[in-house]
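See structure below.
The values are calculated or read from the model by the stated rules, or taken from the named source; none is laboratory data. This structure is a prediction, so every number in the text was calculated from the model and none was measured. All Cβ positions, glycine included, derive from the backbone under ideal geometry; neighbour counts span all protein chains shown. The accessibility values were calculated without ligands, DNA or RNA, using every heavy atom of the protein model including side chains. Shrake-Rupley method; radii C 1.70, N 1.55, O 1.52, S 1.80 Å.
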Amino acid sequence: MAATSDSEKQMVIEEVRRFVDREVIPVARELEHDDIYPVALIEKLKRLGIFGVTIPEEYGGLGLDFVTYASIIEELSRGWMSLSGIVNTHLLVAYMIAAYGTQEQRERFLPVMAEGDRRAGLCLSEASGGSDVQAIQMTAMREGDDYILNGSKLWVTNAINGSIFAVLARTDVQAKPAHRGMSIFLVEKEAPGLSAGRRFEKLGYKGVETAELIFEAVRVPAANLLGGREGEGFKHAMSGLEVGRINVAARAVGVAQAAFNEAIRYAQQRSSFGKPIAQHQAIQMKLADMATHIEAARLLVQKAAQQKDRGARSDLETSMAKLFASEMCQQVTLEAMRIHGGFGYTKEFNVERYYRDAPLMLVGEGTSEVQRLVIARQLLQKYAIK
Ligand SMILES: Cc1cc2nc3c(=O)[nH]c(=O)nc-3n(C[C@H](O)[C@H](O)[C@H](O)COP(=O)(O)OP(=O)(O)OC[C@H]3O[C@@H](n4cnc5c(N)ncnc54)[C@H](O)[C@@H]3O)c2cc1C
């Protein structure tokens, strides 16, 4: 379905909302507790077009803007944050291909990605560093019409169930600064020499796999060098991370909203000292702060998404949104748990899941400290004394 008018975009968001209420929320707790990959939900997400939601229509996607995308991610996360994680690096990679790929790469990868059968993963982080992307060790050396990739990537979301990986590697190990010698390669799962290594057990963010990918002399055709030119990978990755930060910030809003919804309901059902706890001012203060902070984060996410939709550099806006929303989510989920008293600490209520999912947002797509560095760098340029 092509959705371009505001009312059509709203219809897509409403459809996702209904899907989350009817199909995600009833099963999320059990799937999460059992750490099960949500195969059936993914089939439904495919039918809704979610894996192509920001892929241009000419390549089989819905061609929606990032503002709408953020609302969709918020809705999915309200049901189960892990679903947004499966979508995140897939659409981040799709964005990099659409924005920076060659025409041949767009035609080869985007239509199959839009269908959702072949989902993508992003391979930036390594054991040597996640925050310090320039410290990566993976190399890609030219050999005839191919590149040979050697190294390993840690923390790859979609590592097992994904089929296409955008891999940042050093094509010029002498380059100074190092980022000038980095390039991104589109590597398909079937490539000989590519294998999965260790898989992480996590506090939350369950159901979706986070694993190591090992590249042993993986031969990749030069036609899979993103954009066809060496040395541009770091720039492409940073631009892609802006899309990832919109996703993570929107996720944080969705999880916080879910926690708030349960807290305000519980506060009206649970009584102490002869009245519902919602009638105690101390609880009202919490609820008021929670709702206000959620709304502030949502507005920051929208502003960041609007900036990205304009095609403008948006590292300042996306980092502010991601920083504020993820820290807010951590606080709101804790407050929701406290409002639930002892029950909040049990697996009988969803608030314990929100509380365990929240810290991922403080780390994924760059930690809060890294967001502050990005923000400060931009501010010091903007307010530089002449
Ligand atoms: C569940 C999960 C899924 C992930 N999925 C992916 C994925 O799909 N693809 C991918 O490429 N990566 C992925 N990551 C990796 C993630 O992006 C990194 O974990 C993150 O960027 C932090 O890197 P690090 O773990 O190496 O921590 P480090 O960089 O070692 O940081 C450790 C601590 O030092 C702080 N720190 C580092 N440098 C500075 C500095 N200059 N100033 C102040 N403080 C600093 C950090 O904020 C942090 O608190 C995932 C991580 C997790 C946990």
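As an exercise: evaluate Thr4 against (1) modelled with pLDDT of 95 or more; (2) away from the ligand (no atom under 16 Å from the Cβ) and give the number of the one condition it does not meet. Failing condition for Thr4: (1). Scanning region 241-263 for residues that are open to solvent by 10 Å² or more (accessible area, probe 1.4 Å) and either modelled with pLDDT under 95 or not aliphatic (A, V, I, L, M) (or both) yields Glu242, Arg245, Gln257, Phe260, Asn261, Glu262. Considering region 327-338 alone, what residues qualify as being open to solvent by 10 Å² or more (accessible area, probe 1.4 Å) and either among the β-branched types (Val, Ile, Thr) or within 16 Å of the ligand (Cβ to nearest atom) (or both)? Within region 327-338, Glu327, Gln330 qualify. Counting the residues of region 339-357 that are more than 16 Å from the ligand (Cβ to nearest atom) and either surrounded by fewer than 20 Cβ atoms within 10 Å (Cβ to Cβ) or β-branched (Val, Ile, Thr) (or both) gives 10. Of all residues in region 209-226, those that are within 19 Å of His90 (Cβ to Cβ) and not in a strand (DSSP E or B) total 3. Any residue at all in region 161-174 that's under 21 Å from Leu241 (Cα atoms) and without any contact (Cβ under 8 Å) to a residue 12 or more places away in the chain? Checked region 161-174: no residue is under 21 Å from Leu241 (Cα atoms) and without any contact (Cβ under 8 Å) to a residue 12 or more places away in the chain. Checking every residue in region 189-207 against the condition of being in contact (Cβ under 8 Å) with a residue 40 or more places away in the chain, in a strand (DSSP E or B) and among the aliphatic types (A, V, I, L, M) gives zero matches. Do we find that Ala178 is away from the ligand (no atom under 13 Å from the Cβ), on the phi < 0 side of the Ramachandran plot and either surrounded by 15 or more Cβ atoms within 10 Å (Cβ to Cβ) or within 21 Å of the chain's Cα centre (by Cα) (or both) in this structure? It is true that Ala178 is away from the ligand (no atom under 13 Å from the Cβ), on the phi < 0 side of the Ramachandran plot and either surrounded by 15 or more Cβ atoms within 10 Å (Cβ to Cβ) or within 21 Å of the chain's Cα centre (by Cα) (or both). Taken as a whole, the structure leaves Arg298 outside the set of residues that are closer than 24 Å to Ile246 by Cα and not in a helix (DSSP H, G or I). Take Gly60 and decide whether it is open to solvent by less than 10 Å² (accessible area, probe 1.4 Å), touching a residue at least 12 places away in the same chain (Cβ under 8 Å) and either of a type in the set (Gly, Ala, Ser) or in contact with a Cys (Cβ under 9 Å, 6 or more places away or on another chain) (or both). No. Collect the residues in region 73-121 that are open to solvent by 20 Å² or more (accessible area, probe 1.4 Å), more than 19 Å from Val39 (Cβ to Cβ) and hydrophobic (A, V, I, L, M, F, W, C), keeping them in residue-number order. Result: Ala98, Ala99. Go through region 184-238 and give me each residue that's open to solvent by 50 Å² or more (accessible area, probe 1.4 Å), out of contact with any Ser or Thr (no Cβ under 8 Å at 6 or more places or on another chain) and within 14 Å of the ligand (Cβ to nearest atom). Correct list: Ala196, Arg198, Glu201, Leu203, Met238. Per this entry, Val301 is counted among residues that are within 30 Å of Thr4 (Cα to Cα) and away from the ligand (no atom under 16 Å from the Cβ). Any idea which of Ile164, Ile148, Ile160 is surrounded by 15 or more Cβ atoms within 10 Å (Cβ to Cβ) and in contact with a Leu (Cβ under 7 Å, 6 or more places away or on another chain)? Going through Ile164, Ile148, Ile160 in turn, just one is surrounded by 15 or more Cβ atoms within 10 Å (Cβ to Cβ) and in contact with a Leu (Cβ under 7 Å, 6 or more places away or on another chain): Ile164.
Taking every residue in region 277-306 that is surrounded by 13 or more Cβ atoms within 10 Å (Cβ to Cβ) and pairing it with any residue that is not in a helix (DSSP H, G or I), at least 6 positions away or on another chain, the pairs with Cβ-Cβ distances below 8 Å are Ile277/Arg270; Ile277/Ser271; His280/Ser272; His280/Phe273; Ala304/Ser314; Ala305/Asp65. Going through (1) more than 10 Å from the ligand (Cβ to nearest atom); (2) within 18 Å of Arg29 (Cα to Cα) one by one, Leu360 falls short only on (1).
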